[in-house]
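Enquirer: Got a structure for you, questions after.
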Amino acid sequence: MSTSNTAQPVQWHVRQAVQPAPEKRAWSVQAVQQLLDKPFLDLLFQAQSVHRAHWPEGDIELATLLSVKTGGCPENCGYCPQSVEFDTGVKAEKLMSVEEVTHAALAAKNAGATRFCMGAAWRAPKDRDIEKMNALIGAVKGLGLQTCATLGMLEPHQARSLREAGLDYYNHNLDTAPEYYQDVVSTREYQDRLDTLQAVRAAGISVCCGGIIGMGEETVHRAGLIAQLANLNPHPESVPINSLVRVPGTPLADAEPVDPLDFVRVIAVARITMPTARVRLSAGRQQLGDAVQALCFMAGANSIFYGDKLLVTGNPDVEADTALLRKLGLNDYKQPVC
Ligand code: SAM
Ligand code: DTB
Ligand code: SF4
């Protein structure tokens, strides 16, 4: 074997071709917790190093949300303002029309969004709901946007139908660790979520799956959530990390607020354990302020929900996000077309 430093590209290509795919590392809850417990700056440095190695462009993805079917949901997720069980002032509405959704998606595109995510407050859509969603997906896709939907639990045939209509991503969150799940929602099982994720993956739709921090969970539950996500094989392409929006009338309205630096830690650990995922700094940004959001980007977040509203609660407005991205020198920001 040659000991010279001269590059030998041909040999390198041959070696690459015969190498087996690297084995996927399984993350134990303990290993994830050790990451969460690292000294803050060491953790941030590690996460930023992983981030730069996998995302050299360093851009922030802009995804806009629209609640296409609001309220009246029969589930009892303790964080959610759209459950019929909680008195939150959110009224049940019917599914929006193709025209209304197209109008909103075009506005999102003109403001700079590349992905458009449609949310529906369903436990599980009926087949006739899927048909109506397919029309919305086709219209959004026709505008040249990436499409995402979050509609509740899916059967395999429904996932296939959404894929055929042009759905690129399906959002379905695990929300927390399996052992904490029943403290938050009792109308379904953790396994139901995993089954839907499997149906989505099998249909060829990319997976968007994450969770919520600040629901009274311990650090071990945060580690348990991240381990579950990282051990999905492959791990999700998008990982939304939400900070609980404490909505009056929900059982979690008075939950202890999360220490913002602990929230940054979760982002960092998501980045380290899922290097090729878009980690989305999701709900709760209004409470974080610019400095903590900048730390989240430093920790490896490279996506945000972009637009004045999440589903039914508020989000920083487009002007504030434009200003923040500009201040941080991110995205080589161009003026939105209005
Ligand atoms: N009904 C569908 C479902 O549950 O999958 C889709 C809509 S649901 C509102 C989508 C996700 O929003 C939930 O899984 C949860 O992670 C997040 N979410 C809902 N309410 C929230 C809140 N108050 N704060 C933070 N995230 C929230
Ligand atoms: C996700 O993880 N967060 C978004 C999206 N996926 C659908 C929803 C956040 C909802 C926040 C409360 C609300 O506005 O309803
Ligand atoms: Fe329904 Fe989804 Fe809200 Fe749960 S999170 S109550 S399933 S809309």
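Values quoted throughout were computed directly from the atomic coordinates according to the rules given, and no laboratory measurement underlies them. Because the structure is a prediction, the values reported are computed rather than measured. So basically every Cβ, Gly included, is an ideal-geometry build from the backbone, and we count neighbours across all protein chains shown.
Enquirer: Only Cα pairs within less than 10 Å get springs; with that Gaussian network setup on the chain, which residue of 39, 74, 236 has the largest fluctuation?
Expert: Comparing 39, 74, 236 in the GNM, the peak value goes to 39.
Enquirer: So which GluC sites (Glu not before Pro) in region 180-255 end up in coil per DSSP with only 12 or fewer other C-beta atoms within 10 Å?
Expert: 218
Enquirer: Could you quote the convex hull projected area for region 35-91, Cα atoms only and averaged over all directions, in nm²?
Expert: 7.1 nm²
Enquirer: Let me know the volume per residue of the alpha-carbon convex hull for the chain, in Å³.
Expert: 164 Å³
Enquirer: A 32 angstrom limit on the alpha carbon distance is what I want to check against. Which of 132/327; 94/141; 38/69; 94/327; 38/141; 69/109 exceed it?
Expert: 132/327; 38/69; 94/327; 38/141
Enquirer: Sort 194-200, 299-305 by packing, meaning the average of other beta carbons within 10 Å per residue, with the highest value first.
Expert: 299-305, 194-200
Enquirer: Starting from the 7 Å offset along Cα-to-Cβ, what nm value, one decimal, do you get for the label separation of residue 41 and residue 97?
Expert: 5.9 nm
Enquirer: Could you work out how far helix 219-231 tilts from the main Cα principal axis of the chain, as a 0 to 90 degree angle to the nearest 10?
Expert: 70 degrees
Enquirer: Can you give me the angle between helix 9-18 and the longest principal axis of the chain, using Cα atoms only, in degrees from 0 to 90, rounded to the nearest 10?
Expert: Here the helix axis deviates by roughly 50 degrees.
Enquirer: Can you run phi through the Karplus equation (6.51, -1.76, 1.60; θ = phi - 60°) for region 267-282 and list ³J(HN,Hα) in whole Hz, with x for Gly and Pro?
Expert: Couplings: 4, 4, 6, 4, 4, 5, 7, 10, x, 9, 7, 6, 8, 9, 6, 9 Hz.
Enquirer: Continuing with the same structure: What number comes out for the charge environment of residue 169, summing +1 per Lys or Arg and -1 per Asp or Glu over other residues with Cβ under 13 Å away?
Expert: Residues near residue 169 contribute +3 overall.
Enquirer: Quick one: what Rg and Dmax do you get for region 263-325 from the alpha carbons, in Å?
Expert: In Å, with Rg to one decimal and Dmax whole: 11.5, 33.
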